[in-house]
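Colleague: I have a structure here, written as structure tokens, and I will follow up with some questions on it.
The values are calculated or read from the model by the stated rules, or taken from the named source; none is laboratory data. Owing to the predicted nature of the structure, the values given are computational and were not obtained by experimental measurement. Using ideal geometry, Cβ is built from the backbone for each residue, glycine included, and neighbour counts are taken over all protein chains shown. Protein only, heavy atoms only, side chains kept; ligands, DNA and RNA dropped before computing areas. Shrake-Rupley method; radii C 1.70, N 1.55, O 1.52, S 1.80 Å.
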Amino acid sequence: MNRLRTLACVVAVGAAGTLPAAALPSQAAVTTASTTTVAASSNLHALDASKLRYVRRCWGYVGYPNAGCEVSAAVPKIWKMTRLSTYHARFDDRSRTWMVRINGGLGGKQSSSTAALSKQRSLRGVPGLRIVSRVTSTEVYAPGPNPSTTVKVTTLTYTYRSYRGTRWVATRYVELWGPRAYVEITVAGRQKDQAGLKTVLAKATRTIALAG
């Protein structure tokens, strides 16, 4: 019988999933948006978290025994899912202004604080980079019907300059089963969207689950 494993979220990617330093942090594996999309993004209102509705989405290896659902989390219902790899998926709104990206394949190779520091170091050379904070904390975790608990996470927050202007990013690493990060969760948007994006990040943290 499969055992549901839970996790929260922490900051960076680290050795188990570090993005190349040359890649724009919140745009990995996504093609450049069109001029129309850029214009729509610049005119869009700030993300209003109170209007979001969530649904649990899952992904993973499609074979036995978990039928492609080794990783799951609650994400905004109408955001489009793009699978980046077996355990890594990205969800974007229609204008590709806001996104949440979840990687459940870190494998617990390092602590959340070490993963976040590795991520920060990998960002050197990113245009207009400004590190806002790197914080280790405990977050509420309630992925199922059982009483909620807490998990230890480290969150790296930063901004950088892209073709659409300044982007605000928060990457969080979740420690499961001891001081080891098993999941990375990243949210990104414009600076004026950060309040709404923090709500999306907290929701994903509370509901992230690994099965196996």
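Colleague: How many residues are assigned to a loop (DSSP other than H, G, I, E, B) and crowded, with 20+ Cβ neighbours inside 10 Å when one looks only at region 188-212?
Modeller: Number of matching residues: 2.
Colleague: Just give me the residues in region 30-64 being under 18 Å from the mean Cα position of the chain (by Cα) and at pLDDT 60 or above, in sequence order.
Modeller: L47, A49, L52, R53, Y54, V55, R56, R57, C58, W59, G60
Colleague: Then there is this: If I filter region 137-159 down to residues being polar (S, T, N, Q) and open to solvent by 70 Å² or more (accessible area, probe 1.4 Å), which single residue comes out as farthest from the chain's Cα centre (by Cα)? Can you show your working first?
Modeller: Taking region 137-159 and keeping what is polar (S, T, N, Q), we get 137-138, 146, 148-150, 154-155, 157, 159.
Cutting the leftovers down to open to solvent by 70 Å² or more (accessible area, probe 1.4 Å) gives us 138, 146, 148-150.
Values: T138: 17, N146: 24, S148: 21, T149: 20, T150: 18 Å.
Only one residue fits best here, namely N146.
Colleague: Any chance you could count how many residues in region 131-150 are closer than 17 Å to A170 by Cα and outside any strand (DSSP E or B)?
Modeller: 0
Colleague: Shifting gears a bit: Looking at region 75-109 only, could you name the residues that are under 22 Å from R180 (Cα atoms), crowded, with 20+ Cβ neighbours inside 10 Å and in contact with a Lys or Arg (Cβ under 9 Å, 6 or more places away or on another chain)?
Modeller: Our first condition is that a residue be under 22 Å from R180 (Cα atoms); within region 75-109, this holds for 85-89, 100-109.
This time we only want the ones that are crowded, with 20+ Cβ neighbours inside 10 Å, so: 87-89, 100-104, 106.
Once the filter is applied, which keeps residues that are under 22 Å from R180 (Cα atoms), crowded, with 20+ Cβ neighbours inside 10 Å and in contact with a Lys or Arg (Cβ under 9 Å, 6 or more places away or on another chain), region 75-109 yields H88, A89, V100, R101, I102, L106.
Colleague: Output the residues belonging to region 160-187 that are open to solvent by less than 10 Å² (accessible area, probe 1.4 Å), hydroxyl-bearing (S, T, Y) and either touching an Asp or Glu at 6+ places or on another chain (Cβ under 6 Å) or over 21 Å from T114 (Cβ atoms) (or both).
Modeller: Y160, Y173, listed by residue number.
Colleague: Next question, about the same structure. Those residues that are within 27 Å of K51 (Cα to Cα) and among the charged types (D, E, K, R), I need them from region 153-212; list them, please.
Modeller: Listed by number, the residues that qualify are R164, R167, R172, E184, R190, K192, D193, K198, K203, R206.
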